[in-house]
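The values are calculated or read from the model by the stated rules, or taken from the named source; none is laboratory data. Here the structure is a predicted model, which means the values were calculated and not measured. As a convention, Cβ positions derive from the backbone with ideal geometry for all residues, glycine included, and neighbour counts pool all protein chains shown. In case anyone asks, the SASA skips ligands and DNA or RNA and just uses the protein heavy atoms, side chains included. Shrake-Rupley method; radii C 1.70, N 1.55, O 1.52, S 1.80 Å.
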Amino acid sequence: MIIFSIDHKVIGKQYIGLALFSVVLGTLLSLIMRFHLVYPDAKVRLFQAMWPDGAPGGQMTPELYLSLMTMHGTIMVFFVLTTAPQSGFGNYFLPLQIGAHDMAFPVLNMLSFWTTALSLLTLLAAFFVEGGAPLSGWTAYPPLSGLGRITGPGEGLGQDLWILSIALFCVASLMAAINFIATIIELRAPGMGYFDMPLTCWGWFVTALISLFAFAVLLAGGILLLLDRTAGTSFFIPGGLIVNDQVQSRSGGSPILFQHLFWFFGHPEVYIAILPGMGLISTVLSVFSGKKVFGYKAMAIALVSIGGLGFVVWGHHMFISGMSPYSSIAFSVLTLAVGVPSAVKTFNWLATLWGGRLRFTAAMHYALGFVSLFITGGITGLVLGQPGLDVYFHDTYFVVAHFHLIMGVAAIFAIFAAFHYWFPLMYGRFLNERLGKVHFFLTFLGVYAVFVPLHFAGFVGNPRRYPDFKEYEFLKSVMPLHIGVTHAAYFLGAVQLIFLFNYFWSQRHGAIAPANPWNAATREWRND
Amino acid sequence: MTNVARTGQMVLIAASAMFFAALTSAMVVRRGLSGDWAAPALPAWAFATILLPLLASWFVHTGRIGIAALAGAALVASQFALLANLQLARIAGAFCFVLIAAHAAHAAAGAAALARFGARAAIFWHFAGALWIYVLFLFGVWA
Amino acid sequence: MAIAILIAALAGATLALFFQPRWWFPDAISAHAKAYDAHFVVTLWIVGCIFVFAQGLLAWVVFRYRDRGQAPEAHEGSGKLEVIWTSATAVLFIGLAFAGQGIWAGIHLEASNPHALHVEVLAKQFAWSYRYAGPDGIFGRVDIRQIDDSAGNAFGIDSKDPNGRDDITAALLRVPAGRPVELYLKSRDVIHNFFVRELRLKQDVVPGMTIPLRFTADKPGTYEVPCSELCGLGHHQMRSALVVMAPGEFDAWLQEAQQKVAAP
Ligand code: HEM
Ligand SMILES: [Cu+2]
Ligand SMILES: [Cu+2]
């Protein structure tokens, strides 16, 4: 059966299809948000048609903006960045690269995909229930997310569905992680040691290990939060609350405890998004430089240390949360320490290019763009990792700029590179190279134009998660900047159509690819 | 047993251990924070259920898988009986509920796996048994 | 080739924009805020140099080694280089982490000043209230059953406690210039965040906790306080202000407020 296929290639493509659907949806939501931010009073009939309660008369309510924001973040982080690089391309190419026939547990593989699909449906269902989608952001901090409808629209059934969706996603990711790890440990071709694996496999391996521990903790946090909402427990809800003039009968819970559980997952999650991309970029840079990866072993060790250190830096998301100021100091030092292996990777990428003969294929363009974005996005981590400085920037648009560049766009560039690089194996044809390069140049320009200016809104102190900026005198000055960003976002969104066209058109009409078109040395090109 | 099955179970065990570690550390932190901790009173027979996973492991060891799975099912049934009597409004009771329910899920999965895969699922079953001892220790001694 | 130019151009534009004066920090109105700005500029220079170095090298390498038919060189690693750049970045990054601790210590690790003005800050969806202890210097007990926003008792000051009779509640945070202030941040419902840009201070307000926050503002003026932790559909309208007054003016305001409380 094709739908419930247990073939890793089919499952890989299913994951990729799910991620493509999600990224289109997530992008559309972001464009609507960008529109609303600069034209908060506009009445748009389309909004009313889509959300009769959220946009009465076409006028978007703040709660609708916040729910679009929550869904945008959740869809992008979980269903795009956790799904495509690891489960999508990983499923397809890991067995091929290590010389295995399939993943270790094909049925489990099928189950994890369908659990992911169910999780996505559960999330989207939140749009259609009474009150709409939740408004507490992708981080869902209690008590806002822990008391039900009383804290706001969307905090009723919508928030329950959100938590349920995340719990399902955790289960699916745990199943996938078990599969990846067992496959790498047990099914490597005879004679292939760990240090004979391509760096892509190292990326998937470390990512699977991170998923295994991170999602287990998020699952625990999600279950406790759901009980606080539905069973009247007080894990995260303190006593003496009066919400909406109603006295709450809880006692003793700690909102900060939830944040610890969430970010113990949340920080490693950004590495889940980026490590598979790092592995792939190493390969692409080496193939198109005509050289081996510089410092292969150092690169593998850097991946492992990023994965390990990634578990002890979660507190940098909580510098202003009210936790002990002494722990902030420890988290700060560890955070800047995790920058070291990231810098080491960058140096090795540069050294891989050094002395090579660079062939500027479309995939190579995206890989070079990845490195540039990784630097631009990563460098501001050195600012935010210092608690003293973060005190001003936390929850401003400076952070929005930082994480979109490094986690969002850099990872997406790796996905574009993966498509161009592996398309010949997946469909027997090339993605159109010229369209690919045009798309690259416009997208590269677009992401710098959208996300760099947001740093400066952060300088002004512009808080994030605001549906509009009308209330404050000091925010009047940033409006021209936001208007520019919104237009750049339209441009960025529009040029993605080039990629979508290329993707679907080339499956049927692309130039036929020969057996090993890029002259790559890894196994997946030998098998067919 | 194949290496793949063994490795898969070991990795699964790592994930489960992490999940229980997360719940435990949440409990330690939550208990330390507020003065509203009152240990839940589990009935004395709850501690007798420690025998069930031990027996089951022994049956697995001696090749009597069917009986082992039955012992596992009996453990799950007794856990449901425990769950029915816990007070969720008290925080210690709530943690007790979550840990026992989480364990029941593991025990049920372990018993089902024994029934379906036989001795190949033994590793996970032994782990589930040890985990039950840990949960009982938490609420019998620590809490 | 084109991509080398584009990388250089975008990196250059990014760098140049970081030096634009139009969207920048607001005035610094405390010694801490000035120290913050100074440390930020230092950090920005360090980070800017790394940025220029890395992007510049990337663009240059891409340009230099573009395909001109040359044979690729064969080096595939160098333990010496790895050690050099690993330890160099380690020293730089971790050094930066330690250099940044002074600012942090200045906010949270300094002893409270015995002469500080104490003010309680209460956040709720979607408003802020402030409470001064009055002439007795003691905050009255609170009782959540007595909370009544429409009667002006957002804190729930217990009418039976004599210490509370002279407490003053206000909708704006008024403080005298030059005097240390110690805030006690509390929330009644969800998490909010108290942010004064000009003080370079930001602190979550967490229900179930009382979090102290200290500052000494030295420049009179009115400074907006935007809630900076998502707290619901009115988050973006949860606005308040810090009013820093000349000491004499503040005393006059306080006296007037006290008289109002004393003669209901
Ligand atoms: C066309 C590209 C994109 C645009 C224009 C865009 C725009 C936005 C906007 C306007 C916000 C809300 C900021 C706020 O109100 O605080 C936001 C939040 C967010 N975005 Fe994007 N975004 C884009 C792509 C992405 C990608 C690729 C990711 C993947 C990581 C992503 C992840 C997030 C997350 C996690 C949030 C935070 C949501 C929250 O606050 O809970 N975005 N984005
Ligand atoms: Cu982080
Ligand atoms: Cu708020």
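Annotation: C:Lys34 fulfils all but one of (1) under 19 Å from C:Thr216 (Cα atoms); (2) touching a helix residue (DSSP H, G or I) at 6+ places or on another chain (Cβ under 7 Å); the unmet one is (2). Taken together, C:Ala97, C:Ala90 contain a single residue that is within 7 Å of chain A (Cβ to nearest Cβ), within 30 Å of A:Ser342 (Cβ to Cβ), touching a Ser or Thr at 6+ places or on another chain (Cβ under 7 Å) and part of a helix (DSSP H, G or I), which is C:Ala97. For the range A:117-126, the criterion of being at pLDDT 95 or above, among the hydrophobic types (A, V, I, L, M, F, W, C) and in contact with a Lys or Arg (Cβ under 7 Å, 6 or more places away or on another chain) is met by none of the residues.
Cβ-Cβ contacts under 9 Å between residues 6 or more apart (or on different chains), taken from a first residue in the range C:1-29 that is among the polar types (S, T, N, Q) to a second residue that is outside any loop (DSSP other than H, G, I, E, B), are listed as C:Thr14/A:Thr376; C:Thr14/A:Tyr448; C:Thr14/A:Val452; C:Thr14/A:His455; C:Thr14/C:Phe51; C:Thr14/C:Gln55; C:Gln20/A:Phe456. Within the range C:55-73, identify whether any single residue is facing chain A (nearest Cβ under 7 Å), surrounded by 14 or more Cβ atoms within 10 Å (Cβ to Cβ) and closer than 30 Å to C:Arg174 by Cα, and answer yes or no. Looking for residues that are facing chain A (nearest Cβ under 7 Å), surrounded by 14 or more Cβ atoms within 10 Å (Cβ to Cβ) and closer than 30 Å to C:Arg174 by Cα, one finds none in the range C:55-73, hence no. Scanning the range B:22-42 for residues that are open to solvent by less than 50 Å² (accessible area, probe 1.4 Å) and either part of a helix (DSSP H, G or I) or closer than 27 Å to B:Ala71 by Cβ (or both) gives B:Ala22, B:Leu23, B:Thr24, B:Ala26, B:Met27, B:Arg30, B:Pro40, B:Leu42. Of all the numbered requirements in (1) more than 16 Å from ligand 1 (Cβ to nearest atom); (2) under 30 Å from C:His192 (Cβ atoms); (3) among the aliphatic types (A, V, I, L, M), A:Met318 misses one, and that requirement is (1).
Taking each residue of the range A:387-415 that is within 7 Å of chain C (Cβ to nearest Cβ) and looking for partners that are open to solvent by 20 Å² or more (accessible area, probe 1.4 Å) and near ligand 1 (Cβ under 10 Å from one of its atoms) with beta-carbon atoms closer than 6 Å, six or more apart or interchain, yields A:Asp395/A:Arg464.
A:Ser327 fulfils the conditions (1) away from ligand 2 (no atom under 16 Å from the Cβ); (2) at pLDDT below 95 except for a single criterion, (1). Only residues that are part of a loop (DSSP other than H, G, I, E, B) and over 21 Å from A:Pro52 (Cα atoms) were counted across the range A:94-135, and they come to 7. Restricting attention to the range A:75-128 and to residues that are open to solvent by less than 10 Å² (accessible area, probe 1.4 Å) and within 14 Å of another protein chain (Cβ to nearest Cβ), the residue that is nearest to ligand 1 (Cβ to nearest atom) turns out to be A:Ser112. For the range A:260-286, the set of residues classified as within 16 Å of ligand 2 (Cβ to nearest atom), surrounded by 24 or more Cβ atoms within 10 Å (Cβ to Cβ) and β-branched (Val, Ile, Thr) consists of A:Ile272, A:Ile274, listed by residue number.
Scanning the range A:358-374 for residues that are in contact with a strand residue (DSSP E or B) (Cβ under 8 Å, 6 or more places away or on another chain) and facing chain C (nearest Cβ under 7 Å) turns up A:Leu358, A:Phe360. Take the conditions (1) crowded, with 24+ Cβ neighbours inside 10 Å; (2) in contact (Cβ under 8 Å) with a residue 60 or more places away in the chain; (3) within 16 Å of ligand 1 (Cβ to nearest atom); (4) in a loop (DSSP other than H, G, I, E, B); A:Pro143 misses just one of them, which is (3). Looking across the range A:112-156, just one residue is under 16 Å from A:Thr70 (Cα atoms), among the aromatic types (Phe, Trp, Tyr), away from ligand 3 (no atom under 16 Å from the Cβ) and within 20 Å of the chain's Cα centre (by Cα), and that is A:Trp138. Against the test of being more than 9 Å from every other protein chain (Cβ to nearest Cβ), at pLDDT 95 or above and open to solvent by 10 Å² or more (accessible area, probe 1.4 Å), the options C:Pro220, C:Pro162 yield a single qualifying residue, C:Pro220.
What do you reckon, is A:Trp202 closer than 30 Å to A:Gln97 by Cβ, in a helix (DSSP H, G or I), of a type in the set (Phe, Trp, Tyr) and at pLDDT 95 or above? Answer is yes for this residue.
On the basis of being out of contact with any strand residue (DSSP E or B) (no Cβ under 7 Å at 6 or more places or on another chain), within 16 Å of ligand 1 (Cβ to nearest atom) and within 14 Å of chain C (Cβ to nearest Cβ), does A:Phe235 make the cut? Answer is no for this residue.
Among the residues of the range B:77-101, the ones that are closer than 17 Å to B:Trp125 by Cβ and surrounded by fewer than 20 Cβ atoms within 10 Å (Cβ to Cβ) come to 2 in all. The set of residues from the range A:289-344 being more than 7 Å from chain C (Cβ to nearest Cβ) and among the small types (Gly, Ala, Ser) comprises A:Ala300, A:Ala302, A:Ser305, A:Gly307, A:Gly308, A:Gly310, A:Gly315, A:Ser324, A:Ser327, A:Ala330, A:Ser342. The one condition from (1) at the interface with chain A (Cβ under 7 Å from one of its Cβ atoms); (2) open to solvent by less than 20 Å² (accessible area, probe 1.4 Å); (3) over 23 Å from A:Gln259 (Cβ atoms); (4) within 18 Å of the chain's Cα centre (by Cα) that B:Ser16 does not meet is (1). None of A:Pro238, A:Pro255 is more than 16 Å from ligand 3 (Cβ to nearest atom), under 17 Å from A:Leu144 (Cα atoms), open to solvent by less than 30 Å² (accessible area, probe 1.4 Å) and more than 23 Å from the chain's Cα centre (by Cα) except A:Pro238. Scanning the range A:464-509 for residues that are away from ligand 3 (no atom under 16 Å from the Cβ), in contact with a Ser or Thr (Cβ under 7 Å, 6 or more places away or on another chain) and either assigned to a loop (DSSP other than H, G, I, E, B) or among the hydroxyl-bearing types (Ser, Thr, Tyr) (or both) yields a total of 0.
Restricting to the range C:183-195, and then to whatever is at the interface with chain A (Cβ under 9 Å from one of its Cβ atoms) and touching a Lys or Arg at 6+ places or on another chain (Cβ under 9 Å), can you tell me which residue is surrounded by the most Cβ atoms within 10 Å (Cβ to Cβ)? If we take residues in the range C:183-195 being at the interface with chain A (Cβ under 9 Å from one of its Cβ atoms) and touching a Lys or Arg at 6+ places or on another chain (Cβ under 9 Å), then C:Val190 is surrounded by the most Cβ atoms within 10 Å (Cβ to Cβ). Scanning the range A:345-357 for residues that are within 7 Å of chain C (Cβ to nearest Cβ) and of a type in the set (Lys, Arg) gives a single hit, A:Arg357. Reported count of residues in the range A:359-394, each being of a type outside the set (Gly, Ala, Ser) and closer than 24 Å to A:Phe79 by Cβ, is 4. Can you find a residue in the range C:201-215 that is open to solvent by less than 10 Å² (accessible area, probe 1.4 Å), outside any strand (DSSP E or B) and at the interface with chain A (Cβ under 7 Å from one of its Cβ atoms)? Yes, some residue in the range C:201-215 is open to solvent by less than 10 Å² (accessible area, probe 1.4 Å), outside any strand (DSSP E or B) and at the interface with chain A (Cβ under 7 Å from one of its Cβ atoms).
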